[in-house]
Amino acid sequence: MPRRKLSKQGSNRHKRSNRRSKLNPPLVQYWFARRLLWRQWFTKRRISIGAIAVLLLVTAWGGRMWWRYRQALDLQPDAIVVLGGGVLREIAAAQLAREVPDVPIIVSSGSPLGCLRLIFEQQRGVDFDRVLVDFRARVTLTNFTTLVPFLKAGDTPRKVWVVTDAGNWPRARKLGQIVFGSRGIAISPVLIGGPGSSRGESARKTHLQVILAGAWVLFGDFVLPPGSLNDRFTARQLASTQQLDNCTNGYPEFVPMQWWPY
């Protein structure tokens with residue numbers, strides 16, 4: 001079989017490759033091989049490097065939030081937060097408001113507006129201009145998330161009293177430390193006694209809300225389930241309710257409570 005002749009261009013390319021192989025010493029070839037392996041390694045692990053970078057950023061941000069929260073723990077509380085859950089909590093908050101005048105009170109999804117005015121202003125002489133009411137929350141988690149805009153003051157750490165009962169406090173403490181703590185807000189409990197104060201909370205529901213609280217810290221209100229917030233119509237209806245003269249019937253005038261002035 002006759003040997004096929006190489007074209008002039010193919011012959012020149014063959015000669016150049018032979019010349020290059022003769023000129024490249026083993027050290028240069030090793031360097032090119034290492035460079036090729038490095039490119040392959042970097043390409044395969046590009047996603048891993050990005051994940052590590054994100055983890056470092058989140059760690060740095062979390063460390064900064066933790067430091068602000070530690071600073072807030074040493075402060076004097078400058079606001080009263082009432083977690084909606086019954087008239088007893090609101091009576092206790094009104095009692096505390098008389099002990100610490102000029103401190104604002106924020107009630108999250110408590111009694112209708114008319115009943116709150118009766119409890120704070122008419123029965124206990126607390127100026128109702130000190131009371132801020134929000135009716136958007138439906139669960140303990142959103143009690144905290146909806147109040148962050150009212151309490152957060154830039155990068156300045158602060159501390160607030162949280163009025164609830166002993167049965168709700170384990171859940172409220174975990175969620176408050178995550179949600180408020182991520183914004184540099186520390187919490188100090190005001191725990192009430194009386195009927196229902198020792199009622200426990202569902203551990204499963206608490207764990208679920210703790211997971212959602214962690215997700216909220218990273219992603220905001222986007223992760224909150226639809227049923228955790230009141231719709232605008234319900235919130236406006238509660239806010240526009242007129243005076244209720246009988247909303248405190250059957251409740252004691254004084255509610256025993258445990259609180260710390262620091």
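Things worth noting here:
- Note: the range 85-164, Cα convex hull, 95 Å³ per residue.
- Amide proton proximity set for residue 82, modelled H, under 5 Å, gap of 5+: 106, 107, 108, 163
- In the range 112-188, Cα pairs under 8 Å separated by at least six residues give a relative contact order of 30 percent.
- Interchain or long-range residues, amide H under 5 Å from residue 230's placed H: 137, 138
- Karplus-derived 3J(HN,Hα), 6.51/-1.76/1.60, for each residue of the range 119-125, Hz, glycine and proline x: 5, 7, 8, 7, 8, 10, x
- Highest average first, the peptides 211-221, 71-81, 136-146 ordered by how many other beta carbon atoms sit within 10 Å of their residues are 136-146, 71-81, 211-221.
- Here's how it looks for residue 186: its modeled amide H is under 5 Å from those of 158, 159, 160, which are all 5 or more places away or on a different chain.
- Whole-Hz couplings from phi, Karplus 6.51/-1.76/1.60, listed for the range 144-149; x for Gly and Pro: 7, 5, 6, 8, 4, x
- Applying 0.36 nm per residue to the separation of residue 98 and residue 203 and subtracting their alpha-carbon distance, the gain on full extension is 34.3 nm.
- With 0.36 nm allotted per residue and the present C-alpha distance subtracted, the residue 132-residue 76 stretch has 18.1 nm of extension available.
- Using a Förster distance of 25 Å, the FRET efficiency for residue 258-residue 211 (Cβ separation, nearest 0.05): 0.30
- Inter-site label distance for residue 222 and residue 246 at 7 Å from Cα along Cβ, in nm: 4.9
- Within-14-Å neighbourhood charge of residue 158 [Cβ basis; K, R +1; D, E -1]: +2
- Å² per residue, accessible surface of the range 72-127 at 1.4 Å: 34
The values are calculated or read from the model by the stated rules, or taken from the named source; none is laboratory data. Note that the coordinates shown come from a computational prediction; the quantities given were computed from them, not determined experimentally. Every residue, glycine among them, receives a Cβ derived from its backbone with ideal geometry; neighbour counts consider all protein chains shown. What goes into the accessible areas is simple: the full protein's heavy atoms, side chains included, and nothing from ligands, DNA or RNA. Shrake-Rupley method; radii C 1.70, N 1.55, O 1.52, S 1.80 Å.
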